[in-house]
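Below you'll find the structure I mean.
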Amino acid sequence: MSAEVVQSRRDWLLSERPASRMQARLGRAYVAWRRFSANRLAFVGLLIIIALLVIAALAGALAPYSPTFGDLKNSRLLAPSAEHWFGTDDLGRDILSRILYGSRWTLYVVILVAIIAAPIGLLVGTIAGYAGGWTDAILMRITDIVLAFPKLILALAFVAALGPGIENAVLAIAITSWPPYARIARAETLTVRNSDYIKAVQLMGASPFRIVLRHIMPLCISSLIVRVTLDMAGIILTAAGLGFLGLGAQPPLPEWGTMIASGRRFVLDQWWVAGAPGFAILIVSLGFNLLGDGLRDALDPRSGDQ
């Protein structure tokens with residue numbers, strides 16, 4: 001592709017007077033990508049998350065051994081070697097295989113929590129910010145009550161009431177994760193509620209429900225995406241904490257928190273049993289944090305083009 005064609009397409013994307021909505025959207029996406037790709041740490045975070053997705057999708061092909069069965073007689077607590085890269089646990093199971101399969105459960109938790117918690121927070125925040133008055137007061141006081149409790153402690157209470165299990169852990173984490181999203185959505189709604197753009201839609205006869213759903217919620221999406229991405233590390237740690245306490249995923253599921261719990265008895269002599277899944281949690285959490293920081297800089301409309 002010639003340099004003239006590339007420059008022409010770049011000028012078309014960066015046009016200050018786009019001829020269509022599609023051109024405007026592509027232009028905004030291009031500017032955001034330029035800002036994001038200029039941040040090397042954010043790009044490293046993106047590569048980590050892409051690697052996590054690939055590993056989760058191909059865990060069955062990449063894992064050299066079964067994640068749930070091992071040779072208890074001959075392979076118990078073997079140190080890392082060429083045969084078992086991350087060693088084996090107290091039941092003779094290959095830790096590398098369990099970590100690879102455990103990436104699926106990590107993605108399962110973070111995706112479900114995001115799908116449940118983010119829409120709830122978005123709905124509560126936009127309704128509170130647009131309606132105002134007693135509706136705003138009631139919804140925000142409920143939000144404050146949930147925020148008053150430490151997330152892990154509240155999640156423990158819900159899981160204790162619902163019963164141990166990965167599904168109940170996801171539900172408990174989602175119930176405790178929506179208030180920050182509601183606050184962000186409310187703040188964004190308050191900034192645009194009295195704008196000329198919204199007043200014009202009101203004069204056209206749009207209902208409050210349509211205004212919130214079609215015109216205010218889309219304006220909150222970028223801020224919400226950034227916050228959800230930054231919260232992924234906390235969600236992973238909370239899920240691992242529940243698994244460590246025996247209230248999350250149950251054996252023999254290869255969930256990283258459960259693996260750390262089973263390896264804590266051997267942490268002094270066979271450190272790899274708990275150290276390998278702990279390192280996996282560290283790397284994935286770091287990747288989400290770096291990605292979230294990069295998205296925050298790229299999607300911030302107040303930052304200049306870089």
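Report whether or not F36 is farther than 19 Å from I99 by Cα and touching a Leu at 6+ places or on another chain (Cβ under 8 Å).
Working: farther than 19 Å from I99 by Cα: yes; touching a Leu at 6+ places or on another chain (Cβ under 8 Å): yes.
In short, yes.
Say we look at the stretch 1-18 and pick out the residues that are part of a loop (DSSP other than H, G, I, E, B) and among the hydroxyl-bearing types (S, T, Y); which of these is modelled with the highest pLDDT? Lay out the reasoning, then the answer.
Applying the first criterion (part of a loop (DSSP other than H, G, I, E, B)) to the stretch 1-18 yields 1-2, 14-18.
Among the residues that remain, those that are also among the hydroxyl-bearing types (S, T, Y) are: 2, 15.
Details: S2: 56, S15: 71.
Across the stretch 1-18, the extreme among qualifying residues is S15.
Hey, Y197 hits all of (1) in a helix (DSSP H, G or I); (2) at pLDDT 85 or above but one; which does it fall short on?
Every condition holds for Y197 apart from (2).
Also, quick follow-up: If we scan the stretch 171-190, do we find a residue that is assigned to a helix (DSSP H, G or I), within 28 Å of the chain's Cα centre (by Cα), without any contact (Cβ under 8 Å) to a residue 60 or more places away in the chain and exposed (fewer than 13 other Cβ atoms within 10 Å of the Cβ)?
No, there is no match, as no residue in the stretch 171-190 is assigned to a helix (DSSP H, G or I), within 28 Å of the chain's Cα centre (by Cα), without any contact (Cβ under 8 Å) to a residue 60 or more places away in the chain and exposed (fewer than 13 other Cβ atoms within 10 Å of the Cβ).
Sort out which residues of the stretch 28-74 are without any contact (Cβ under 8 Å) to a residue 60 or more places away in the chain and crowded, with 17+ Cβ neighbours inside 10 Å, and write them in order of number.
If the condition is that a residue be without any contact (Cβ under 8 Å) to a residue 60 or more places away in the chain and crowded, with 17+ Cβ neighbours inside 10 Å, then I55, A56, A59, A63, Y65, G70 are the ones that fit.
Does V113 qualify as being closer than 18 Å to I260 by Cβ, among the aliphatic types (A, V, I, L, M) and crowded, with 18+ Cβ neighbours inside 10 Å?
Numbers: closer than 18 Å to I260 by Cβ: no; among the aliphatic types (A, V, I, L, M): yes; crowded, with 18+ Cβ neighbours inside 10 Å: yes.
Here the answer is no, as V113 does not meet what is asked.
Confirm whether V226 is buried (at least 20 other Cβ atoms within 10 Å of the Cβ), touching a helix residue (DSSP H, G or I) at 6+ places or on another chain (Cβ under 9 Å) and either aliphatic (A, V, I, L, M) or not in a helix (DSSP H, G or I) (or both). Spell out the reasoning first.
Values: buried (at least 20 other Cβ atoms within 10 Å of the Cβ): yes; touching a helix residue (DSSP H, G or I) at 6+ places or on another chain (Cβ under 9 Å): yes; either aliphatic (A, V, I, L, M) or not in a helix (DSSP H, G or I) (or both): yes.
Yes: the conditions hold for V226.
Please give the number of the condition D196 fails out of (1) surrounded by 17 or more Cβ atoms within 10 Å (Cβ to Cβ); (2) out of contact with any Cys (no Cβ under 9 Å at 6 or more places or on another chain); (3) among the charged types (D, E, K, R).
(1)
Sort out which residues of the stretch 83-99 are among the acidic types (D, E) and buried (at least 24 other Cβ atoms within 10 Å of the Cβ), and write them in order of number. Give the steps one after another, and end with the answer.
Restricting attention to the stretch 83-99, the residues satisfying the condition of being among the acidic types (D, E) are 83, 89-90, 94.
Those that are among the acidic types (D, E) and buried (at least 24 other Cβ atoms within 10 Å of the Cβ): D89, D94.
Would you check if G278 is over 21 Å from N168 (Cβ atoms), modelled with pLDDT of 90 or more, in a helix (DSSP H, G or I) and not aliphatic (A, V, I, L, M)?
When the stated conditions are applied, G278 passes them.
The values are calculated or read from the model by the stated rules, or taken from the named source; none is laboratory data. Keep in mind that this is a model prediction, so the values were computed, not measured. Note that each Cβ is placed from the backbone with ideal geometry, even for glycine, and that neighbours are counted across all protein chains shown.
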